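Worksheet: the structure to be examined is printed underneath.
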Amino acid sequence: MKRTIILLIFFSLVTIHYGQTVTDQQNKPAISDTTKVTKNRSIGLEVSAGLSLVMGNYGVFDKDNTKAGYATNGWQLQLTFDWMGKKNFGLAIQYTFQKNPLDDSTAFLVPNGWSGGTLGPGNWMNHYLMAGPVFMKQFGKIHVDAKLLVGVIVSSSDNFTTQNPYDSTGVKKDANLGTGFAYGISAGVGYAFSKQLAIKLNFGILGGWPGKNRSYPSQWLGTEEVYDPLTGLYTYIPVYSAPVEKEMKKVVTSFNPSLGLVYRF
């Protein structure tokens, strides 16, 4: 008897659920085959490549200027992820790789206060990781966008090479990396092939303040013989060097025209 009651209750629940489903399907408004459904393309992916034209201290050739970068014009690659919200605004996350060769003259240049031999030849290789607001919109076939980004820069350059002051052979050098705050400002305009794909010209400014701090602790140099007049004896005391602190700060600034593709999912 109990089993029969349970089966009847189960059958009733299934019947009620089925009836509700049919009702919902019947009440659902029909969509005409000619009705267009607009998809909200809230995710964008951008890829671009272009020039890195040096500006300010980044391209200065002055061995008395501690912020001189000795960089020449180079190139850059960029990958951007856009997460769009309402009213054509969203969040952009961008990675940029930038390469600017050092001027040929740095192969013979020894900046004032430099202890690592000649500065070059070599390159600046900068990695930027930044995020910030983005505006993106299509006006018919015209695509426009603008970004204001902040983040970090990691620079690999011989400008940040430091030599161990206690190395008499002159071969012990530290990693030539500098890190710091970075920013990016850019605007783009181009042609939209569709709601998904556009090609654009992009114009931007990249900047950063990479720096490096390196501390060398005191080193034991040996012992010194000292005469004690009270005892008439000689004693030996350890002798240590003074600690050494090296600080380098540079300014990276470049104008970056580039060509890119934008695909919106």
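Within the range 231-244, residues that are open to solvent by less than 100 Å² (accessible area, probe 1.4 Å) sit with their Cβ atoms under 9 Å from residues that are charged (D, E, K, R), at 6+ positions apart or across chains, in these pairs: Thr235/Glu225; Thr235/Asp228; Ile237/Glu224; Ile237/Glu225; Pro238/Glu224; Val239/Glu224; Val244/Arg214.
Between Leu230, Leu259, which is farther than 29 Å from Trp114 by Cα and assigned to a loop (DSSP other than H, G, I, E, B)? Lay out the reasoning, then the answer.
On the way: Leu259 fails: assigned to a loop (DSSP other than H, G, I, E, B).
It is Leu230.
Determine whether Tyr128 is outside any loop (DSSP other than H, G, I, E, B), hydroxyl-bearing (Ser, Thr, Tyr) and open to solvent by 40 Å² or more (accessible area, probe 1.4 Å). Show your work before the answer.
Numbers: outside any loop (DSSP other than H, G, I, E, B): yes; hydroxyl-bearing (Ser, Thr, Tyr): yes; open to solvent by 40 Å² or more (accessible area, probe 1.4 Å): no.
In short, no.
Of all positions in the range 77-91, none carries a residue that is under 20 Å from Gly211 (Cβ atoms) and in contact (Cβ under 8 Å) with a residue 40 or more places away in the chain.
Taking the range 57-106 as the range and being in a strand (DSSP E or B) and polar (S, T, N, Q) as the test, the residues that pass are Gln76, Gln78, Thr80, Gln94, Thr96, Gln98, Asn100.
Please specify each residue of the range 207-228 satisfying the condition of being open to solvent by 100 Å² or more (accessible area, probe 1.4 Å) and either out of contact with any strand residue (DSSP E or B) (no Cβ under 8 Å at 6 or more places or on another chain) or of a type in the set (Ser, Thr, Tyr) (or both). The one that is open to solvent by 100 Å² or more (accessible area, probe 1.4 Å) and either out of contact with any strand residue (DSSP E or B) (no Cβ under 8 Å at 6 or more places or on another chain) or of a type in the set (Ser, Thr, Tyr) (or both): Tyr227.
I'd like the residue in the range 62-75 that is more than 17 Å from Gly211 (Cβ to Cβ) and modelled with pLDDT of 90 or more and, out of all such residues, is least open to solvent (accessible area, probe 1.4 Å). Filtering first and then ranking leaves Gly74.
When the range 245-256 is limited to residues that are assigned to a strand (DSSP E or B) and open to solvent by less than 100 Å² (accessible area, probe 1.4 Å), the one that is nearest to Gly69 (Cα to Cα) turns out to be Val252.
Okay, residues lined up against (1) more than 24 Å from Phe61 (Cα to Cα); (2) of a type outside the set (Asp, Glu); (3) out of contact with any Pro (no Cβ under 9 Å at 6 or more places or on another chain); (4) open to solvent by less than 20 Å² (accessible area, probe 1.4 Å):
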residue	(1), (2), (3), (4)
Asn100	no, yes, yes, yes
Leu109	no, yes, yes, no
Thr118	no, yes, yes, no
Phe135	yes, yes, yes, no
Phe139	yes, yes, yes, no
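Of the residues making up the range 109-125, those that are in a loop (DSSP other than H, G, I, E, B) and either modelled with pLDDT of 85 or more or touching a Phe, Trp or Tyr at 6+ places or on another chain (Cβ under 8 Å) (or both) are Leu109, Thr118, Leu119, Gly120, Pro121, Gly122.
The values are calculated or read from the model by the stated rules, or taken from the named source; none is laboratory data. Just so it is clear, the model here is predicted, and its values are computed rather than measured. FYI the Cβ positions are ideal-geometry reconstructions off the backbone, even for glycines, and counts take in every protein chain you see. Just the protein is used for accessible areas: all its heavy atoms, side chains included, with ligands, DNA and RNA removed. Shrake-Rupley method; radii C 1.70, N 1.55, O 1.52, S 1.80 Å.
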